[in-house]
Every structure is written in C-alpha cells, then in structure tokens.
Amino acid sequence: MDLTNHSIVSEFVFLGFTNSWDIQLLLFVFSFLFYSASMMGNLVIVFTVTFDSHLHSPMYFLLANLSVIDTVFCSITAPKMICDIFKKHKAISFCGCITQIFFSHAVGGTEMVLLIAMAFDRYVAICKPLHYLTIMSPRMCLCFLVTSWIIGLIHSLVQLVFVIDLPFCGPNILDSFYCDLPQLLRLACTNTQELEFMVTVNSGLISVGSFVLLVMSYIFILFTVWKHASSASSKALSTLSAHITVVVLFFGPLMFFYTWPSPTSHLDKFLAIFDAFITPFLNPVIYTFRNKEMKVSMRRLCSHLVHYKSIS
Ligand SMILES: *[C@@H]1O[C@H](CO)[C@@H](O)[C@H](O)[C@H]1NC(C)=O
C-alpha cells in the first residue's frame, strides 16, 4: 500500500495540554513518577509470580499476564508524551500515529478479554471450588491467553484497515497528546461519518459489552458468596473487591471516550491521563498491597535474594 500516494500529511502535531511552564513541570513530574512506578510495580508482580512456586496457580498466572499487558500498554503512549512535554513542536509521523493506534487497541482489547478470563477464574474458584483445578487447567489458561490476544488483534486490525486508506490532505493538529481514532478521523478530508460510527460500535461495543458482562458476573459471584457466608467469604470478598475496582477504573474512561458524542477536550485529556498513567499503576497497588499471599511471597523472595547475596 502506498501511503504517500494520497496523503499529503506526513506528520501530525499534538497540541499537548498547556503552554504554562509551571503546569508542564508538574505534569512532567507527575507522569514520570507514575510511569516509573507502574513499570516497577508490574515487573515486581511478574517477577514474584514467576519465581515463587507458591503462586503457581491460575489466578496468579493470569494476574502476571495482566501485569505484562499493563507494562506494554503504558509504554505505548506515555514515554513519547513525557519526552514531548517541554517541546514546542510535538510531532508524530503518520506511521508512528498508526502504530500507536494499532498497539493501544490491540493491547487494550486483549486486556479486556483477560479481565473477563480473570472473572471466570474467580467464578470457578468460588462457585465450583471442587472442580477448580480441573476446569482451570494449564491448557485452559493458555487457551484464554491466546484467545484474548487474537480478539485484541482482530479488534484493532478491523478498525485500522479502513483508516489507513483515508486521505489526509491538510489539517494535522490533534488536540491531544497521543493518537487515537476519534480525533484522527476528524482530520480526514472526506466524509467519515460511517467510519466514526463503525469505531463507536467497534470500540464502544467491546468496552461496554465486556463491562456489562464483567459487572453481571461479579454480581452473580458476590451473590453466591453472600448466600454461603463462611470464614472463607471475607477473603473471597477482598479479592473480588480488588477485581471490581480494577474493572471499574479501567472501563470507566474508555466507555466515555468511545460512546460519548462529543466530549469536551479538557475532560477528555484528563481521562486520557488517568487511563494512561493511573490505571496501570493501580493494578499492582490493588493486587499486591491488599493481597496477603502476594506480600508474603514478595518478602520471601526478598529474603532469598539477600541470603543469596550474602553467601556468594
Ligand atoms: C501467563 O499465563 C500462562 C498460562 O497460564 C503462564 O504459563 C505464563 O507463565 C504466564 N505469564 C507470566 C509472565 O506469568
């Protein structure tokens, strides 16, 4: 496909947030701290789950995979945005823009399906505890993983196939700090109404659909826990509340982006920052600092490391 043939625009320019130096500095410190913290936190989870055999169970494997996805997800737009904050001319090439859209939708879609797999895992653990290990076999886990990556890729490709052929002939200012479909479509020199509708349906449906599915399954699980109140239920409840918090925080901003007719750009940017920096950071906080097993494991691994150092 020859892109230069019909697109005169070779780069897009981000407006960023503001020209005020103070706010830029604040934003830089804030995003740098949150980005480093999410990377560290998620890598610690992957490291702990991989190296502690006590955590070799389906739930923790899925959690570690979620952390891998989170590190990828926040590395798609955040590093460029952080580097751009102080630049006067914040530009991205056409290919760079398409790449950002491709990966953020592929990885985001994968994360949604993985969250559904995690809900299913909790459902089996709580409602069918005796069959947990037979149902959530290693093969099943792998099957969930492969399925979520395939759905993420299809979701992303289906939208991009149409966008890559659009003519971009002049306007190239994006009132944002990263590339995404709704803003990009507004710059095309053709009627994109049908395409916008397709994006709303595709991205809106996958986010609202998964959200409704997740909320319903968590309500069902909570109901089951509540009916069989026992000593195990308080632990189940704390795990469940962690999952539900992640689901609400992840989907809230996304559903807003894709289904709201014309969001104000300030609110849009604020939610975008939230999704880019705070959500990936919250996963490790919610799962590790509130999870006793995880904390015990991290302590155990730490003491192993110290011990290993002192004898070598
Ligand atoms: C992801 O899940 C698979 C399947 O359960 C598991 O084998 C793999 O170790 C997990 N990845 C990480 C980084 O834990």
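The values are calculated or read from the model by the stated rules, or taken from the named source; none is laboratory data. This one's a predicted model, so the numbers in the text were calculated from it and none came from an experiment. Note that we place each Cβ from the backbone using ideal geometry, even for glycine, and neighbour counts take in every protein chain shown. Only protein heavy atoms, including side chains, enter the accessible area calculation; ligands, DNA and RNA are left aside. Shrake-Rupley method; radii C 1.70, N 1.55, O 1.52, S 1.80 Å.
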task = Kindly establish whether Tyr132 is assigned to a helix (DSSP H, G or I) and surrounded by 15 or more Cβ atoms within 10 Å (Cβ to Cβ).
result = yes
task = Search the range 34-53 for residues being within 18 Å of the chain's Cα centre (by Cα) and open to solvent by 70 Å² or more (accessible area, probe 1.4 Å), and hand back the single one that is farthest from the ligand (Cβ to nearest atom).
result = Met40
ask   = If you go through the range 227-268 one residue at a time, how many are modelled with pLDDT under 75, within 19 Å of the chain's Cα centre (by Cα) and not hydrophobic (A, V, I, L, M, F, W, C)?
value = 3
request  = For the range 54-83, enumerate the residues that are more than 12 Å from the ligand (Cβ to nearest atom), open to solvent by 10 Å² or more (accessible area, probe 1.4 Å) and over 13 Å from the mean Cα position of the chain (by Cα).
outcome  = His54, Pro79, Lys80, Ile82, Cys83
query = Of the residues Met136, Met112, which is of a type outside the set (Lys, Arg) and in contact with an Asp or Glu (Cβ under 9 Å, 6 or more places away or on another chain)?
reply = Met136
ask   = In the range 142-177, which residue that is over 19 Å from Val107 (Cβ atoms) and touching a Phe, Trp or Tyr at 6+ places or on another chain (Cβ under 7 Å) is farthest from the ligand (Cβ to nearest atom)?
value = Asn172
